[in-house]
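The values are calculated or read from the model by the stated rules, or taken from the named source; none is laboratory data. Predicted model, so just to flag it, every value in this text is computed and none were measured. Because the Cβ atoms are built from the backbone with ideal geometry, glycine has one as well, and the counts that use them run over all protein chains shown.
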């Protein structure tokens, strides 16, 4: 079925783009989000709908607000205007970190610079949050942590410190740490940008596995081939607005907008 | 003026807050003399410590290992022993050894306080100067050398101006410590602010009020010092250098 | 950026530089020992000069004998100084930790009040603070039927703990603020509460950077315990004063003051050396 969804694309240009899917219960709903840092505007009215189990990639030139949007979803960056709903949580109504704690138990993020805790071992890094935040029993968490390490293929690095690991290994530990919270949604913020090509492959492999298992993911990435391969929907943003969105085939093979075409020509 | 004094008298009569330094001329004079002595002490020690500190830094760069070791020993001695004991050492132990003129010693308690505190501060100033000179990026001196500057020119025109800017925060801290250290002179009966105040409070039995008065006075002095150093830093500020 | 630290000779106006690198000279173990020995020798030299002066007169006892005779009593006094410094450091560190947390609180009134407290106790002369506590604190504390006595030395300890508290608060604040915000972001994203983040993630990483300045303040505090003698606490300087009065010999003055200076030096100089070495080691990582 084909639907027109004009209200999803807001901003100065009111144009319409076709999509081919529409579910009744989107897991994540982002409505007309605006964000400025001081006098510099970064998001000028972004709207998205993401269903459970979907993998969504956001692509676009640097400075288009992609990372900021991601951080708005888990509340690290408060928004100026608009609404963000993640499951039952209304992120835009949460005034401080304290209220965001339930949200952050359902949404996990993996950063570009991994941001592991340097004074704890790999296993401790993964175990810390479930034990102290979710209050789960140590034994249960330890078992799950070991399984996650197996999943990211780093079982032998259990007792190593982040300083002893390579970038790709640290990133995989960061992914395991995020997964240990058993989140509903995973956010990936340009997670391979700081890695060299070989180590990138390891991380992308891990992410693909997670997506195939049905984890709702939002990825901000420059890896076009990867985005095309794994995503259900691709959004192209520029200057804090969504220019075009659709299935990977639509965006990569047959982009409607001139800007999308120009961008893809540059990067592909 | 009278209104001012009367208000403090009224304060004493109604609320029991005795700030005699405001309405009693004798106490007021004493307090003021103490303040002036403190400021004098700080000023003399500051100037002397800067000169001595510079001298020490020069000696520390000497080619002779003995001179270097002895100077460093001197610096370490003053930095790692209690200032009060140093003061006692100079005043009680060395003082009596100096010759007397007409029965009065050459250096009274104030003199020995200046000597002791100046030497102490010189040790700290020397450390600060040394760190400042070493912090000037080597690239600057190399560039200057390549341009044909002499050693003296490099030091005067490039190293010194940059080193001064680098050391201002540490020097501010140092001057503040100097002002606080002048209170040590109380122990050898130098009539500085704390000593005078203790005389006033033992006569007038208004310890609390005098305490607050002294603390506020010291805080004001230190605020002025910090402000002056801050203005100096601002005047000397060069965009892009430091933070 | 390479600093000019390697060759200070270039910077000084006169050509009195040495070929040896400055940094290497200061921190190599050999020169440290030599310094220490050198200083000790210097101090002993002063003392021995005084001794020689006395040997000539040869009264009942030589100065050396007097020093040895009184050493046990002086040692008792000195250990009391060390006790005061240890207690004051403990109280000041714990209080300073919480004051430091208050400095970075999210609530403006807490931040403001703690800023005032820190400024007040950092910028007040230590002797004045001692007087303040000695006079204004009661000598007894009545609480629910119990009477807790506050002898002079406890008051002095608290008086010395106050500036330590303020300075340590600043050390804590500086260290916490030096931890990269990315650590905070990662921890917040994992739904840790602010208290959990501070105690489990930020503070452990701060300990290393707080250690050198903390040790430095301990040395300063130990030297400041002598101030307690001025406000009437019986510590080593009081003992020294009594010895001088008891012996009544002017030749004793220089030796005995050199002696006590030496004691403090032997205690505080190693602390300074360790502090410097720790600073270098942590700066490397």
| task | Among the numbered conditions (1) touching a strand residue (DSSP E or B) at 6+ places or on another chain (Cβ under 8 Å); (2) surrounded by fewer than 19 Cβ atoms within 10 Å (Cβ to Cβ); (3) closer than 30 Å to residue A:125 by Cα, tell me where residue C:189 comes up short. | result | (2)
| So which of B:198, B:223 ends up being facing chain C (nearest Cβ under 10 Å), under 24 Å from residue C:167 (Cα atoms) and either surrounded by fewer than 21 Cβ atoms within 10 Å (Cβ to Cβ) or at pLDDT below 90 (or both)? | B:223
| field | Of all residues in segment A:79-95 being part of a loop (DSSP other than H, G, I, E, B) and in contact (Cβ under 8 Å) with a residue 24 or more places away in the chain, the one that is nearest to the chain's Cα centre (by Cα) | value | A:87
| request: Please indicate, with yes or no, whether at least one residue in segment A:137-154 is over 12 Å from residue A:177 (Cα atoms), within 14 Å of chain C (Cβ to nearest Cβ) and either surrounded by fewer than 20 Cβ atoms within 10 Å (Cβ to Cβ) or touching a strand residue (DSSP E or B) at 6+ places or on another chain (Cβ under 6 Å) (or both). | output: no
| Among (1) free of Cβ contacts under 8 Å to residues at least 40 places away in the same chain; (2) within 17 Å of residue A:50 (Cβ to Cβ) - the single one residue A:198 does not satisfy | (2)
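Each row is one residue, and each column tells you yes or no for (1) more than 12 Å from every other protein chain (Cβ to nearest Cβ); (2) modelled with pLDDT under 80.
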position	(1), (2)
B:98	yes, no
B:146	yes, no
B:153	no, yes
B:176	no, no
B:179	no, no
B:190	yes, no
| Can you name the residue in segment B:95-138 that is in a helix (DSSP H, G or I) and more than 23 Å from residue B:184 (Cα to Cα) and, of all such residues, is farthest from the chain's Cα centre (by Cα)? | B:138
| remark: When (1) under 21 Å from residue A:52 (Cα atoms); (2) touching a residue at least 40 places away in the same chain (Cβ under 8 Å); (3) not in a strand (DSSP E or B) are applied to residue A:75, the one that fails is (2)
| Unmet requirement for residue B:212, which otherwise passes all of (1) within 10 Å of another protein chain (Cβ to nearest Cβ); (2) crowded, with 19+ Cβ neighbours inside 10 Å; (3) within 28 Å of residue C:126 (Cβ to Cβ) | (2)
| remark: residue A:112 vs (1) more than 13 Å from residue A:170 (Cα to Cα); (2) not in a helix (DSSP H, G or I): all pass except (1)
| remark: Residue count, segment B:212-228, condition farther than 14 Å from residue B:177 by Cα and touching a helix residue (DSSP H, G or I) at 6+ places or on another chain (Cβ under 8 Å), comes to 4
| query | Do we have residue A:51 as surrounded by 22 or more Cβ atoms within 10 Å (Cβ to Cβ) and either in contact (Cβ under 8 Å) with a residue 40 or more places away in the chain or in contact with a strand residue (DSSP E or B) (Cβ under 8 Å, 6 or more places away or on another chain) (or both) here? | reply | no
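Hey, among the residues in segment B:57-76 that are at the interface with chain C (Cβ under 7 Å from one of its Cβ atoms) and under 17 Å from residue B:122 (Cα atoms), which one's surrounded by the fewest Cβ atoms within 10 Å (Cβ to Cβ)? First the steps, then the outcome.
Taking segment B:57-76 first, the residues at the interface with chain C (Cβ under 7 Å from one of its Cβ atoms) are B:58, B:61-63, B:69, B:72-73, B:76.
The next check asks that each one be under 17 Å from residue B:122 (Cα atoms); those that pass are B:58, B:61, B:69, B:72-73, B:76.
Working: B:58: 16, B:61: 25, B:69: 18, B:72: 20, B:73: 19, B:76: 20.
Among those residues, the one meeting the criterion is B:58.
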| Condition broken by residue B:135, with the remaining ones in (1) touching a residue at least 24 places away in the same chain (Cβ under 8 Å); (2) surrounded by fewer than 21 Cβ atoms within 10 Å (Cβ to Cβ); (3) closer than 19 Å to residue B:41 by Cβ satisfied | (3)
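Residues are listed down the side, and each one gets a yes or a no for (1) free of Cβ contacts under 8 Å to residues at least 60 places away in the same chain; (2) at positive phi; (3) in contact with a helix residue (DSSP H, G or I) (Cβ under 7 Å, 6 or more places away or on another chain):
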residue: B:104; (1), (2), (3): yes, no, no
residue: B:114; (1), (2), (3): no, no, yes
residue: B:144; (1), (2), (3): yes, no, yes
residue: B:155; (1), (2), (3): yes, no, no
residue: B:175; (1), (2), (3): no, no, yes
residue: B:181; (1), (2), (3): no, no, yes
| Residue in segment C:106-151 that is nearest to the other protein chains (Cβ to nearest Cβ), counting only those that are in a helix (DSSP H, G or I) and modelled with pLDDT under 90 | C:135
| Checking residue A:153 against (1) over 19 Å from residue A:210 (Cα atoms); (2) in contact with a helix residue (DSSP H, G or I) (Cβ under 9 Å, 6 or more places away or on another chain), the condition it does not meet | (1)
| said: Restricting to segment A:77-87, count the residues that are surrounded by fewer than 21 Cβ atoms within 10 Å (Cβ to Cβ) and touching a helix residue (DSSP H, G or I) at 6+ places or on another chain (Cβ under 9 Å). | reply: 7
| task | Would you be able to say whether some residue in segment B:161-171 is more than 13 Å from chain C (Cβ to nearest Cβ), modelled with pLDDT of 80 or more, assigned to a helix (DSSP H, G or I) and more than 19 Å from the chain's Cα centre (by Cα)? | result | yes
| note | Of (1) touching a helix residue (DSSP H, G or I) at 6+ places or on another chain (Cβ under 9 Å); (2) modelled with pLDDT under 95; (3) loosely packed, with under 14 Cβ neighbours inside 10 Å, residue B:9 fails just (3)
| request: Please identify the pairs in which a residue from segment C:61-72 that is closer than 16 Å to residue C:248 by Cβ has its Cβ atom under 9 Å from the Cβ atom of a residue that is loosely packed, with under 14 Cβ neighbours inside 10 Å, counting only partners at least 6 apart or on another chain. | output: C:61/C:69; C:62/C:55; C:63/C:53; C:63/C:55; C:70/C:246
| Would you call residue B:92 under 21 Å from the mean Cα position of the chain (by Cα) and assigned to a helix (DSSP H, G or I)? | no
| Checking residue A:103 against (1) farther than 18 Å from residue C:182 by Cα; (2) more than 10 Å from chain C (Cβ to nearest Cβ); (3) part of a helix (DSSP H, G or I), which single condition isn't satisfied? | (2)
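Please work out if residue A:244 is over 23 Å from residue A:186 (Cβ atoms) and at pLDDT below 90.
Working: over 23 Å from residue A:186 (Cβ atoms): yes; at pLDDT below 90: no.
No: the conditions fail for residue A:244.
Does residue C:112 satisfy being out of contact with any strand residue (DSSP E or B) (no Cβ under 6 Å at 6 or more places or on another chain) and crowded, with 20+ Cβ neighbours inside 10 Å?
no
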| request: Having 3 or more residues that are within 12 Å of chain A (Cβ to nearest Cβ) and free of Cβ contacts under 8 Å to residues at least 12 places away in the same chain is the bar; report the helices (runs of 4 or more DSSP H) wholly within segment C:174-285 that clear it. | output: C:181-189
